[in-house]
Structure formats: C-alpha cells, structure tokens
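Here's the structure, in structure tokens; my notes come after.
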Amino acid sequence: MTILNHLTEGPESAPPLLLGPSLGTSYALWDEVAPELSIGHRVIRWDLPGHGGSPAHLISAGATVGDLADLVLALADSLGVERFAYAGVSLGGAVGLHLALHHPERVSSLAVICSSAHFNGAKPWEERAALVRAEGLAKLADSANDRWFTGGFTVPGLVRDHRDADPEAYAACCDALAAFDLRDGLAGISVPTLLIAGRDDPATPPAHLREIADAVPGSTLVEIPGASHLAPAQCPEAVLTALRAHLGGGARRGMAVRREVLGDAHVDRAQARQTPFTARFQDFISRYAWGEIWTDETLSRRERSMITLTALIAHGHYEELAMHVRAARRNGLTPEEIGAVLLQTAVYCGVPAANSAFATAQRVLAEEDGAGS
Ligand SMILES: O=C(O)CCC(=O)CC(=O)O
C-alpha cells in the first residue's frame, strides 16, 4: 500500500510526534517549528494526499476525515509507531480530533491548532470543491495570503504548494471538511488536549477552539495574538512555547520515573522537605533530570545507573551515591555488578575515591539485605 509522503526528524528512540498540515499546504507548514521539537521527539510530519509529495490517488471524492485518519495510522504502522503525540493544523487538527476520539489507544496527547470540531457546515466546502474541480487551484491560491496570514505576511513556498496541489485531491479534502462534525464526540476525548487559536484567524476563529476547550475535559486553550490561520508559519515561537509546555508534560512524566527509580519513600521524603525556597529546584530536577534524561530510552536504566554511580564517585558525592546504589539495585544491577563498576572507578577516579565508594555501597547493600531478610 502507498503511504503518505512524510519527513522524519529527531532521534529514533525519542517519543514519536506526528504533525498534520492544513488544506492546501504541505509539511513545510511546520518548517519553523519541527526542527526545535525534534530535539526531544521523533517528529513525523506528513502531507495530505495530492499535496506536497503525497500521491493524489490516496483520496477520492466523498472522502471523510476518518479516511485521512486511517492514512495517518497506516503511516504510523509503516514506521513501527504504535502510540504517538499528535498536533495538527485545521484539517490536520480535525484528523487529530478524530484519532483521539476513535483511536485513543494510539494517541498519547493531542494539540489542535487553528482548527474546529466543524467547519461551518457543508455548503462553503461543496462550493469550493466544485470551483476547484471546474477551474483548478490557481485562482484560489491567489487569495491564499488573505485567508492564511495577517498584515502582508507570506510564506511563498506554502502558497506555491497550494497552487501545485492536485485539484481532485484538494476537492476531496474539501468533501472531508464538508462532512466533518465532531461536536457530539468532544466530551468523549480523554487524552491530554491543547487548543491553539490564532486571534485573527478568519477560517477557524478563536470561538471554534473555545468550543472544543469547553467540551474536552481538562483541555487547555492558548490564543495567539497576531496569528491568523497558519499560526505555526506566522508565529512559530508562540506555537513552540505552547507545544513545548503541552508535550513536555516533563514534570509529570519525570516524577513517575523518579518514583520508579528512587522509590516512593525517598520521593515522598524529598517532597515533604520541599520549601518555597527549594520548590523551583525540585521542579527543575523532576522535569530535566527525570523528565528528559532518565526517560530517554537511548540508554537502558541499568546503563544510566552505571554511568551515574561512576560520575558520583568521580565527584565525591557519597550521600548521592548511597541513594543511587539503591536506585541501581531497583534498576536491576546485582551487588556483583555494582562492585564491578566501583572497581573500575578505582582505575579512572582513583583508589581513595573507590575506597570511600566501596564503604558507602557496602553499608547500603547490607541495609538492603537486612531489610530483605
Ligand atoms: O485555505 C483556507 O481557506 C482555509 C481552509 C480551512 O479552513 C481548512 C484547512 O486549512 O485545513
């Protein structure tokens, strides 16, 4: 089966993030945003059928947003991606809403940008589809700047993509917009959801995003001043800031990993000791050390423990070492393996450092042994 044209960026082991485009554009819509997001994600941005590099035959007249969602799932399957974060603009956002409602097991989080749960009924899209089927896209592309951007802003490449899209595929996407109305399903969306509205978006004004925010439990709404319909192209920094905060979920995810590695008792004690003076530092640790580094699956937790033990010994942090000997046991290192790591530090960190480390580790392992017996 032919799949959607796409571009993959970022480490293969990072959490996958799929980015969907709007009608008439291509994955170049994400040019100013995707490279930044790919620092912490395996970003996969895709083209609509007949747009950018995707074959037009993937869609036909009378298509639905569900059909496009199936193509996105087929793309994810082809890349071995089971579960992914999703962000989409306009029609791409509608695809995200459909996925979150009908395939929640595949979607870890959703960001809906300059989009809607309905696109003002069927009529305008039926008319546009008929126009494009009759006359092609050149005339419509001439007005793209007014529909997509504010104040003389443009992205020539996106306007070119609009002009070059396949008219039949573009019209079929209009058919999908005409038939789309997910308002009744919004309350059933349970994945963490972010809505981003362009304050000056004539196609899907902020009221459309507000309607989704009011209905999707626990969702967040961000409104971007100065943005029209293609906010990621016109206001990439604002979109990035909102997406980073949404996707990071760093503190929450970090706290979960911190508990798995250090144990509930330790984390509860640290939390109880937290004061307004230390709160920002604790948050930093949870988000950065645990939410970004320890969650990165490039290295296993066993490997991360070995590295951490070595670094702590090298710097003489013996209190932290005790904590990380316990963590190393929780991450699956045997006492013999911990001993082998410490022995190696005698070579690279010095015998006195390893001497102190052996004393600390011996005490901790004996305590653990006592607690276990
Ligand atoms: O190009 C436009 O006029 C906006 C079309 C729209 O609202 C659907 C989309 O951008 O995907």
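The residues on offer are D268, D296, and the sole one that is surrounded by fewer than 19 Cβ atoms within 10 Å (Cβ to Cβ) and in contact (Cβ under 8 Å) with a residue 60 or more places away in the chain is D296.
Looking at region 201-215 only, could you name the residues that are of a type in the set (D, E, K, R) and in contact with a helix residue (DSSP H, G or I) (Cβ under 9 Å, 6 or more places away or on another chain)? Result: D201, E211, D214.
Which of the residues that make up region 214-261 are β-branched (V, I, T), out of contact with any Phe, Trp or Tyr (no Cβ under 7 Å at 6 or more places or on another chain) and not in a loop (DSSP other than H, G, I, E, B)? T220, V222, I224, V239, T241, listed by residue number.
Yes or no: region 86-96 includes at least one residue that is in contact (Cβ under 8 Å) with a residue 40 or more places away in the chain, out of contact with any strand residue (DSSP E or B) (no Cβ under 8 Å at 6 or more places or on another chain) and either within 13 Å of the ligand (Cβ to nearest atom) or not in a loop (DSSP other than H, G, I, E, B) (or both). No: region 86-96 contains no residue that is in contact (Cβ under 8 Å) with a residue 40 or more places away in the chain, out of contact with any strand residue (DSSP E or B) (no Cβ under 8 Å at 6 or more places or on another chain) and either within 13 Å of the ligand (Cβ to nearest atom) or not in a loop (DSSP other than H, G, I, E, B) (or both). The numbered conditions (1) on the phi < 0 side of the Ramachandran plot; (2) in the same structural domain as P124 (by TED's automatic domain parsing) are all true for G218 except (1).
Please go through region 101-156 and give me each residue that is among the hydrophobic types (A, V, I, L, M, F, W, C), out of contact with any Pro (no Cβ under 8 Å at 6 or more places or on another chain) and under 30 Å from V216 (Cα atoms), ordered by number. Scanning region 101-156 gives L101, V107, A111, V112, C114, A117, F119, A122, W125, W148, F149. Here the condition is being buried (at least 23 other Cβ atoms within 10 Å of the Cβ) and under 32 Å from the mean Cα position of the chain (by Cα); of A171, A141, A122, it holds for A171 alone.
Tallying residues that are part of a helix (DSSP H, G or I), buried (at least 19 other Cβ atoms within 10 Å of the Cβ) and over 24 Å from the mean Cα position of the chain (by Cα) within region 174-211 yields 5. Of the strands (runs of 3 or more DSSP E) contained entirely in region 1-50, those carrying at least 2 residues that are within 16 Å of the ligand (Cβ to nearest atom) fall at 16-20, 42-46. For the criterion of being within 14 Å of the ligand (Cβ to nearest atom), in the same structural domain as P16 (by TED's automatic domain parsing) and of a type outside the set (K, R), A138 fails.
With a requirement of 3 or more residues that are basic (K, R) and assigned by TED's automatic domain parsing to the domain that holds E368, the helices (runs of 4 or more DSSP H) lying completely within region 262-353 that satisfy it span 301-314, 318-330. Looking at region 234-254, can you tell me whether even one residue there is more than 22 Å from P192 (Cα to Cα), of a type in the set (A, V, I, L, M), within 16 Å of the ligand (Cβ to nearest atom) and buried (at least 16 other Cβ atoms within 10 Å of the Cβ)? No: zero hits.
The values are calculated or read from the model by the stated rules, or taken from the named source; none is laboratory data. Bear in mind that the values here come from a model prediction, so they are computed numbers and not experimental data. Note: ideal-geometry Cβ built from the backbone for every residue, glycine included; neighbour counts use all protein chains shown.
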